[in-house]
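Following: one structure in structure tokens, then a few remarks.
The values are calculated or read from the model by the stated rules, or taken from the named source; none is laboratory data. Everything quoted here is computed from the prediction, not taken from an experiment. Glycine gets a Cβ as well: all are built from the backbone with ideal geometry, and neighbour counts include every protein chain shown. Keep in mind that these areas ignore ligands, DNA and RNA; they rest on the heavy atoms of the full protein, side chains included. Shrake-Rupley method; radii C 1.70, N 1.55, O 1.52, S 1.80 Å.
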Amino acid sequence: MTGPTLRDQTTHRWYVRPVLFVADVNRAARFYTDMLGFEKAWHEGDGKGTVCQVNRGECEIILCQDTTRRDKGRLFVELTAEGLTDFRRELAERSVPSKETWWGYDTLQVDDPDGNELFFPRPD
């Protein structure tokens, strides 16, 4: 029996962009940019389409307007303790509703206008 090949030893980076279904892509994009501090990376159809992407740091979210989908998503966004403190301040300054919740540990929850949940666990 031979040892592992170089191919077996290679670690692959997985890159994920979640898709959140929304009723109105423009309303959703405004919420993420104006209220949560994201930047719009692209918008299909030169801004007239039903799919766009918003980014903040390494967090990238695709927003997809689809009248046949009413699913709700839940994202876990991990921040440093300082990052979470700064984000809480931003939410307060922008009057963004949030709540403390428990999901195995203390978590800050922000819901978008379509009911998608963003969970920010408290760092240990």
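Take the residues of segment 9-65 that are of a type in the set (Asp, Glu) and closer than 21 Å to Leu118 by Cα: which is most open to solvent (accessible area, probe 1.4 Å)?
Glu58
In segment 94-111, which residues are among the hydrophobic types (A, V, I, L, M, F, W, C), part of a strand (DSSP E or B) and surrounded by fewer than 16 Cβ atoms within 10 Å (Cβ to Cβ)?
Correct list: Trp102 only.
For segment 66-93, which positions are among the aliphatic types (A, V, I, L, M) and either more than 23 Å from Arg17 (Cβ to Cβ) or exposed (fewer than 10 other Cβ atoms within 10 Å of the Cβ) (or both)?
Residues satisfying the conditions are Ala81, Leu91, Ala92.
Among the strands (runs of 3 or more DSSP E) lying completely within segment 7-83, list those that include at least 3 residues that are under 10 Å from the mean Cα position of the chain (by Cα).
On the way: elements: 19-22, 39-43, 51-56, 59-65, 74-76.
Result: 51-56, 59-65, 74-76.
Would a scan of segment 103-110 turn up a residue that is of a type in the set (Phe, Trp, Tyr), in contact (Cβ under 8 Å) with a residue 12 or more places away in the chain and closer than 21 Å to Arg17 by Cβ?
no
Which is within 30 Å of Asp124 (Cβ to Cβ), out of contact with any Cys (no Cβ under 9 Å at 6 or more places or on another chain) and in contact (Cβ under 8 Å) with a residue 40 or more places away in the chain, of Ala81, Ala92?
Working: Ala92 fails: in contact (Cβ under 8 Å) with a residue 40 or more places away in the chain.
Among Ala81, Ala92, only Ala81 is within 30 Å of Asp124 (Cβ to Cβ), out of contact with any Cys (no Cβ under 9 Å at 6 or more places or on another chain) and in contact (Cβ under 8 Å) with a residue 40 or more places away in the chain.
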